[in-house]
1. May I ask you to verify whether LYS133 is modelled with pLDDT under 90 and within 20 Å of ASN13 (Cα to Cα)?
2. So which residues in the range 15-28 are touching a residue at least 12 places away in the same chain (Cβ under 8 Å) and either touching a Gly at 6+ places or on another chain (Cβ under 9 Å) or of a type in the set (D, E, K, R) (or both)?
3. Tell me, which residue of the range 112-124 that is of a type in the set (A, V, I, L, M, F, W, C) and surrounded by 19 or more Cβ atoms within 10 Å (Cβ to Cβ) is farthest from the chain's Cα centre (by Cα)?
4. Within the range 11-33, how many residues are more than 22 Å from ALA159 (Cβ to Cβ) and either under 10 Å from the mean Cα position of the chain (by Cα) or modelled with pLDDT of 95 or more (or both)?
5. Return the residue satisfying two criteria in turn: it lies in the range 61-74 and is without any contact (Cβ under 8 Å) to a residue 40 or more places away in the chain and under 14 Å from the mean Cα position of the chain (by Cα), and of such residues it is nearest to LYS143 (Cα to Cα).
6. Please find, among CYS61, CYS50, the residue that is out of contact with any Asp or Glu (no Cβ under 9 Å at 6 or more places or on another chain), assigned to a loop (DSSP other than H, G, I, E, B) and surrounded by 19 or more Cβ atoms within 10 Å (Cβ to Cβ).
7. Can you pull out every residue in the range 64-81 that is under 24 Å from ILE171 (Cβ atoms) and either of a type in the set (A, V, I, L, M, F, W, C) or surrounded by 13 or more Cβ atoms within 10 Å (Cβ to Cβ) (or both)?
8. Looking at the range 19-60 only, could you name the residues that are under 25 Å from LYS143 (Cβ atoms) and aliphatic (A, V, I, L, M)?
Amino acid sequence: MNILVLNGSPRPNGNTSALVETFTAEAQKAGHKVSVFQIGNRDIRGCKNCDACRATLNGNCVQKDDMQEIYPVMRECEMLVIASPIYYYSLTGQTHCAIERIYAFERLPKLKKAALLLTAAGFGFTSAIQTYKDAVIGHMGAKDLGIVKAVGSQSKSVAKQNEIREIVKKI
């Protein structure tokens, strides 16, 4: 299975990256092809709702930013993993921008499954993310494989690694 991981953390060696590294290693061990994009520090702008992507019927966005590198992988992905730290009860701004830009396709053409890998400094963020996740993944028509949530240094724990292994088994 072709898996696309969007890591929205601005910290390439932080807690979110630890979850991404575990997921990537486990998925590759199971024979899946994984492409990881560290989008937290990339030039990715939000959707302008200009509908040029729809008017041309080819899913190409008129904005020339770092999404142009991600779009070809997005077209082919069968699973989308969104990884992000939680800042003020939400995904990072860069993560939101990348998700908005999926609009160019309406739905990812080959997408079958999706999951979230989330980190936070404290508890209490789940309900805010759950509604958003259900709406986005539901709209895309993907099977929801769940959320792995890590608080503080839990992202490197054996328990979180086991949760990730369970998601990989569902692929």
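1. The answer is no for LYS133.
2. Residues satisfying the conditions are ASN15, THR16, GLU26.
3. Looking at the filtered set, the residue picked out is ALA120.
4. Residues that pass the stated criteria total 3.
5. This residue is TYR71.
6. Result of the check over CYS61, CYS50: CYS61.
7. Of everything in the range 64-81, those that are under 24 Å from ILE171 (Cβ atoms) and either of a type in the set (A, V, I, L, M, F, W, C) or surrounded by 13 or more Cβ atoms within 10 Å (Cβ to Cβ) (or both) turn out to be ILE70, TYR71, VAL73, MET74, ARG75, GLU76, CYS77, GLU78, MET79, LEU80, VAL81.
8. LEU19, VAL20, ALA25, ALA27, ALA30, VAL34, VAL36, ILE39
The values are calculated or read from the model by the stated rules, or taken from the named source; none is laboratory data. This structure is a prediction, so every number in the text was calculated from the model and none was measured. Cβ sites come from the backbone with ideal geometry, for glycine too, and all protein chains shown count toward neighbours.
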